[in-house]
Amino acid sequence: MPKKRKSRGRHKGAKGHTDTVQCDNCGRLIPRDKAIRVMRTYSPVDPQLARELEKKGAIIMRYPVEKFYCVSCAIHYGIVKVRPEEERKAPRGPVI
């Protein structure tokens, strides 16, 4: 059977078994190396209030939040796109 992707859809290499994570959208259990990881910053303060406080010199903390998505949810939310067949086997950069 022909291979659809060079990496078989994973970042595992020759590691063997990897642990699973839960999709933050649908709750599906997926291998950690197959999941699409998204890092975003989260601020507990309202953005409009944060701008006013920063003008006065206050420091507003932003916290990094790491989210894992399954392939289906990542495509649904537009985090990753469906690529043409010629581009699938070619390696690409990190998902932002």
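The values are calculated or read from the model by the stated rules, or taken from the named source; none is laboratory data. Just so it is clear, the model here is predicted, and its values are computed rather than measured. Every residue, glycine among them, receives a Cβ derived from its backbone with ideal geometry; neighbour counts consider all protein chains shown.
Key figures
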| item | result |
| --- | --- |
| Index of the failed condition, K4 passing every other in (1) in contact (Cβ under 8 Å) with a residue 40 or more places away in the chain; (2) over 20 Å from K89 (Cα atoms); (3) loosely packed, with under 12 Cβ neighbours inside 10 Å; (4) basic (K, R) | (2) |
| Qualifying residue in the range 16-29 (condition: touching a Ser or Thr at 6+ places or on another chain (Cβ under 6 Å) and modelled with pLDDT under 95) | no |
| Residues of the range 28-72 classified as under 30 Å from K15 (Cα atoms) and either among the charged types (D, E, K, R) or more than 11 Å from the chain's Cα centre (by Cα) (or both), total | 13 |
| Qualifying residue in the range 77-91 (condition: closer than 21 Å to K3 by Cα and either in contact with a His (Cβ under 6 Å, 6 or more places away or on another chain) or modelled with pLDDT of 95 or more (or both)) | no |
